[in-house]
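Inspection log for the structure reproduced underneath, given as structure tokens.
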Amino acid sequence: MDITFGKEKLGDTAALVELNELHQEAESNRLKLERSPSRRGKSRYEKKVKGYEDAYARSKSKYLDHQQQLQADAGQASKGARSIKYAYVVFRSMDGMSKVLNAYNITAFYRILYMYICPACCCGQNAKKTRALYFNGRWLKVSKACLPDEIKWENIGYGACNRRIRKIFIWLIAIIMIGLGILGVVFMKVKSDGMKKEFQTQIACPEA
């Protein structure tokens, strides 16, 4: 799968993308190592896996050091973790996407139940799996992206504030129209009752 991170700074995004690519290369060569029939091939893939793992460790250490420096400069202990705004994950199969969606389909109630109320008795395995899903101590909000055909691309340029103003404006128009409709019904009812009294139309029909 491919992951695209959204961060405040392009350098941080590039660093995370590099880490993801190194991890993918290491996993790919590890699979080739397991499937290689010859000893020579295994030796070659072992060197590649070792090289990618070392490069990943160096890049990760460099990135974390940079984030710690940012935290120290800003005086905010959680700035490095919260600077990640979103991440787009592109899966190679629908089955992989379904597994991730099902894994993160855990409500706050069950997370508290697994991790704090009964982790040592009946929910030990669930508690371990739930902790592994946290990212920098925060629970991720995972959702399925809509299809490109469902996106109104002409509205992409409008920001969140603009969309809120439009929604408020539309609701105001709807409420005003409903209010005018109710006033119209009340007015016509009063007018009808007045005309009945004026022309004395409320006459009981004679019995046959």
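FYI, it's all coordinate maths here, none of it is from the lab. Worth saying up front: this structure is predicted, and the values here are computed from it rather than measured. When we count neighbours, we look across all protein chains shown, and the Cβ atoms used for this are built from the backbone with ideal geometry, even at glycine.
Among Thr107, Thr130, which comes first, then next, by fewest other beta-carbon atoms within 10 Å? Mind dumping the intermediate values first?
Working: Thr107 8, Thr130 21.
If I rank by nearby Cβ atoms, fewest first, I get Thr107, Thr130.
Expressed in nm to one decimal, what extension gain is obtained for the pair Thr107 and Glu46 from 0.36 nm per residue of sequence separation less their Cα-Cα distance?
17.8 nm
What is the order of Arg40, Arg30, fewest Cβ neighbours within 10 Å to most?
Values: Arg40 8, Arg30 16.
Starting with the residue having the fewest Cβ neighbours, the order is Arg40, Arg30.
Between Met94 and Ala57, with labels modelled 7 Å along Cα→Cβ, what's the label distance in nm to one decimal, could you check?
About 4.2 nm separates the two model spin labels.
May I ask you to derive the FRET efficiency for Met195 and Trp171 from their Cβ-Cβ distance with R0 = 41 Å, giving the value to the nearest 0.05? Walk me through the intermediate numbers first.
Working: r = 36 Å, r/R0 = 0.88.
Once rounded, the FRET efficiency stands at 0.70.
If you take the square roots of the eigenvalues of the alpha-carbon gyration tensor of the range 124-208 and sort them as a ≥ b ≥ c, do you get rounded (a/c under 1.5), prolate (a/b over b/c) or oblate?
Values: a/c = 4.57, a/b = 2.67, b/c = 1.71.
The shape class here is prolate.
Based on other C-beta atoms within 10 Å, arrange Trp139, Trp153 from fewest to most.
Placing the least packed residue first, the sequence is Trp153, Trp139.
Please list, ordered by chain and number, the residues whose modelled amide H lies under 5 Å from the amide H of Ser36; skip anything fewer than 5 residues away on the same chain.
Here the answer is none, since no amide H 5 or more places off falls under 5 Å of that of Ser36.
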